[in-house]
Amino acid sequence: IMFASVKAGELATDADYVRVITRGLKGTNMLALPLEPKEVEAVTQYVKSLSAKWTDPSAKAGTPITAAADPWTDEAAAVAKGKELVKAHCASCHATADNEGTGSDSSYGFLKAPKLDKGLALKAGDAPADIYRVIAAGLGGTAMT
Ligand code: HEC
């Protein structure tokens, strides 16, 4: 699935399905579903049963990425370094607020990388842990590794 905690391309953990089902995807038609935990687990197992990737009984979820403790104490320095890194690693796909890159379609052709600026509704959530997961794990099924 796209917003998983495992490296893009690996199979998502059950916790990834549960997170997406219970929280929904911000700014999209997929709302958080008002289901009981036991029902969320049932939906998770059903959705997995629909995927060819899970038909092999030896199929295993990938290992979730773990966030390192935040090593930055100087926020301005972190922002400056981050800007450099985004320019080097992200601007080929994402236009950014201060570097009007063109952005590009993903390899799927229809998933345009969104512009990274203040107006961006983050589907996977905007808590630091959510953003960290998106960047460190990538987005399965898109060009963002
Ligand atoms: C090869 C292309 C590509 C590269 C490189 C790339 N991305 Fe993405 N990114 C995408 C695409 C495509 C999406 C949109 C997925 C969707 O929602 O359909 C996306 C979505 C996102 C999102 C939105 C997540 C959400 O919750 O909605 C963030 C944040 C993001 N990228 C940050 C980054 C950062 C930071 C980098 C560099 C470290 C980066 N991306 C590199 C293609 C790319």
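Read-outs: derived from the displayed coordinates by stated rules, not from any lab. Here the structure is a predicted model, which is why all the values come from computation and not from measurement. Glycine gets a Cβ as well: all are built from the backbone with ideal geometry, and neighbour counts include every protein chain shown.
General observations
- Normalised by the number of residues in the chain, the mean separation of alpha-carbon contacts (under 8 Å, six or more apart) gives a relative contact order of 35 percent.
- Taking a ≥ b ≥ c as the square roots of the eigenvalues of the Cα gyration tensor, an a/c ratio of 1.5 or more together with a/b larger than b/c marks the chain as prolate.
- Point-charge dipole on Cβ atoms (K/R +1, D/E -1) for the chain, about Cα centre, debye to 20: 240
- Anchor LYS38: lysines whose Cα lies under 20 Å away (excluding residues fewer than 8 positions away in-chain): LYS48
- Rounded if a/c under 1.5, otherwise prolate or oblate - the range 1-78, Cα gyration tensor axes: oblate
- Remark: THR22, THR44, THR73, THR55 ranked as THR73, THR55, THR22, THR44, counting other beta-carbon atoms within 10 Å and listing the fewest first.
- Between the helical axis of 37-49 and the longest alpha-carbon principal axis of the chain there is an angle of about 90 degrees.
- Bridgeable aspartates and glutamates around LYS7 (alpha carbons under 20 Å apart, same-chain partners fewer than 8 residues away excluded): ASP16, ASP56, ASP126, ASP130.
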